[in-house]
Every structure is written in structure tokens, then in C-alpha cells.
Amino acid sequence: MQINRDNTSGQRPLIVFTTCYPWIKRIVAEVQPPDFDVRFLEISDDKAVETVLPQADFLVCLALNVQQAHLLRNCKLVMHNGVGYDDIALETLRDLAIPFAITPAMTPEGVAEHTLMLILALYKQLPAVQQSMRRGEWNMFGWREGSHNLAGKTLGIVGLGRIGKRVAHLAYAFGCQIIYNDIVPMPRELERSLDLQRVDLDTLLTQADIITLHVPLTELTEGMIGAAEFDRMSPQSLFINTSRGKICDLDALYDAVVSGHLLGAGIDVYLPEPPPPLHPILQLANVICTPHIASGTVERQYAINRAQFANCQRVLAGEPPHNLI
């Protein structure tokens with residue numbers, strides 16, 4: 001199939017967004033350049049998808065299957081509304097010669113801050129303390145017994161990419177010793193500035209007081225943390241997953257926490273999403289669950305939408321897009 005991606009009609013280029021929440025629509029409208037048309041598309045509406053996608057000059061989405069990709073007959077660039085592109089039919093886009101880019105603007109800051117928030121809240125038992133206060137209790141010394149400092153702890157970061165590096169910077173400021181596991185060693189300057197130590201995964205699991213995942217979902221990482229890995233973790237350690245649900249066995253994590261082996265866990269991603277509403281891990285006081293919101297902030301939404309329009313303008317000017325995959 002020959003795809004015509006030259007805009008010769010004289011009309012303004014059309015950028016289609018498949019994230020349709022009202023507040024996001026408002027932000028897009030605020031940052032939209034006057035030389036673009038914008039349309040919001042419910043990706044679950046098959047009839048609308050068949051009508052709109054062939055008209056799109058640019059597409060911003062969270063997921064794109066093979067059938068939908070083949071409808072992009074005029075598309076010059078597909079962009080992910082973030083960084084995790086495991087739900088994108090990337091090979092099909094390559095076959096169709098449609099470029100694909102991610103939008104990392106302010107995502108590292110959002111996920112790293114969320115990660116530190118989960119760690120600090122778990123160490124200070126905040127969910128249980130808040131419930132106690134709401135019951136009218138004042139257990140000033142009782143709650144201190146189970147609370148811990150972050151300073152002085154060993155933080156194990158699995159995956160030291162954009163987000164992992166930001167986590168390392170924040171944790172270093174809190175006084176953590178940082179070990180990391182990544183297939184790519186970090187530059188010596190970065191290791192020296194943050195006192196980073198690269199270790200194998202087993203060493204990280206056995207030595208870290210806190211394990212936090214920041215790897216993409218790939219054939220290498222899918223299912224990488226299960227019952228055997230939880231057993232290897234130091235007793236009374238914390239486990240944090242803000243990367244992808246398929247990387248961690250949620251049932252095995254529940255077993256590790258409820259047995260008392262792990263002190264607690266913070267989870268932002270699940271398999272499936274949303275998780276079963278009756279999954280027992282959602283009821284544990286020492287597990288904090290959030291609904292895949294780690295990267296999401298108002299500031300980040302402004303940043304990524306501005307970056308997406310800028311990328312479209314770059315392509316229209318004959319320049320390569322930023323953050324191309």
C-alpha cells in the first residue's frame with residue numbers, strides 16, 4: 001500500500017489525540033498552535049477509529065494495535081503520550097514507514113517523586129497512621145516504634161535510565177547508599193557524583209533495603225521479579241514498582257508481604273490493569289496502591305502536549321522528530 005503523507009490540500013494538519021479526559025482537552029486547547037486542527041478520538045469506538053485515523057496527519061496515543069496502525073494512511077508521526085510503548089504495534093509502524101516517538105517531558109520527575117513518596121509513606125506507616133487519627137486516636141509513641149528513616153538505607157535501583165537516574169539523584173539527597181543494576185554501565189562521572197555502585201541483580205536483591213523497578217517491559221524484563229526473587233530480598237525490605245505490571249508477579253508479592261518477609265510495598269502498575277478489585281493485596285495496610293498515576297501531573301501534561309505540537313512542527317519543517325524510537 002502506498003501511503004501519501006504530503007499535506008498538499010492546503011488544510012491545516014490534523015493531530016489526533018486518543019486521551020479524551022476533559023482536563024486534558026482543556027490543556028491541549030491552551031497550548032494548541034493556531035496552525036493545527038485537533039480532534040479527540042475514543043480509541044474504543046471502532047466506527048470513529050475507521051473514520052478518523054485515515055485523516056490523521058499526526059497521532060498521539062497510549063496504545064495502537066496492528067489493525068489501527070494500518071488505518072494511518074496519511075500519518076507523518078505517531079507519538080506516545082508518555083514513555084512506555086509496549087502497547088504500540090511498533091513493527092507495523094516500521095513496516096509502514098511511519099516514525100514513532102515517545103514524549104518523556106517531565107516524566108522522570110513525576111515518576112521519581114512518586115517513587116520517593118511511596119518509600120517515605122511506607123517507612124512512616126502513613127496510611128495506617130491516617131486511619132488511626134480519623135478514629136480519634138493519638139498514638140504518638142506507638143507509631144514511632146514501626147517508623148524508619150530513609151537516610152542511611154541502601155536503595156537498589158533496577159534500571160538506571162531517565163527515571164532511574166532521577167530517583168538516584170533524589171535518593172542521594174536523602175542520604176541513601178545507592179546500588180543499581182542495568183545492562184548498560186553508567187558513566188564514571190555519574191557514578192562518582194552520586195556514589196553509585198553497579199551490581200548484579202542477585203546482589204542488589206540481597207543487599208538493598210529498598211528495591212525499586214524502573215525498566216521498560218521487554219523480553220528480558222517480563223516476569224523478572226517473582227517468588228524466587230522475593231525470597232532473595234533482604235528481610236524487612238521494601239519493594240516498589242512504578243514501571244510495568246508484567247515485570248512483577250503480584251500474587252508472589254502479596255505472599256512475600258503477608259508472610260512478613262517484606263516490610264511493605266508500593267505499586268502503581270498491575271497485570272491486568274485495572275487489577276481485580278478483590279485482589280487481597282489491595283487490603284494490606286503496609287501496601288500502598290495507586291492507579292498508574294506516577295508520571296501524571298498537571299505540569300507534566302502541559303510539558304508533553306507542548307512537546308508533541310513542537311515535534312509535529314519539526315516534522316512539517318522537514319526535520320527529524322525528537323525522542324524517536
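With both residues required to sit in the stretch 107-289, DSSP beta bridges show an antiparallel share near 0%. All Cα-Cα separations within the stretch 107-289 were binned at 5 Å from zero, giving a P(r) of 1, 8, 17, 21, 21, 15, 9, 4, 2, 1, 0, each value a whole percent of the pairs. The base-10 log of I(q)/I(0) for the chain, evaluated at q = 0.07, 0.11, 0.12 Å⁻¹, reads -0.34, -0.78, -0.89 [Debye formula, identical scatterers on Cα atoms, solvent excluded]. Size descriptors for the stretch 85-175 (Cα atoms only): Rg and Dmax, in that order, 19.9, 64 Å. Computed 3J(HN,Hα) for the stretch 308-319, one whole-Hz value per residue from the Karplus formula 6.51 cos²θ - 1.76 cosθ + 1.60 where θ = phi - 60°, is 5, 5, 5, 5, 4, 4, 5, 5, 5, 8, x, 9, glycine and proline marked x.
Provide the packing ranking of 128-140, 162-174, i.e. peptides ordered by the mean count of other C-beta atoms within 10 Å per residue, highest first.
162-174, 128-140
Using only the Cα atoms of the stretch 162-250, build the gyration tensor, take square roots of its eigenvalues as a ≥ b ≥ c, and label the shape rounded, prolate or oblate: rounded if a/c is under 1.5, else prolate if a/b is larger than b/c, else oblate. Prolate, since a/c reaches 1.5 and a/b exceeds b/c.
For the stretch 107-289, a simple Cβ point-charge model (Lys and Arg +1, Asp and Glu -1, everything else neutral) yields a dipole of about 560 debye relative to the Cα centre. Under 5 Å between amide hydrogens, built in the peptide plane, is the criterion, and for ILE211 it picks out GLY156, LEU238, PHE239, ILE240 among residues at least 5 positions away or on other chains. Amide H contacts of LEU262: GLN236, VAL257, each under 5 Å away and 5 or more positions distant or on a separate chain (H built 1.01 Å from N in the peptide plane; Pro and chain starts excluded). The lysines within cross-link reach of LYS25, meaning a Cα-to-Cα straight distance under 27 Å and a gap of 8 or more places when in the same chain, are LYS47, LYS76.
Read-outs throughout are calculated quantities, based only on the coordinates presented, and are distinct from any laboratory measurement. Every value quoted in this text rests on a predicted model; they were computed, and no experiment measured them. Because the Cβ atoms are built from the backbone with ideal geometry, glycine has one as well, and the counts that use them run over all protein chains shown.
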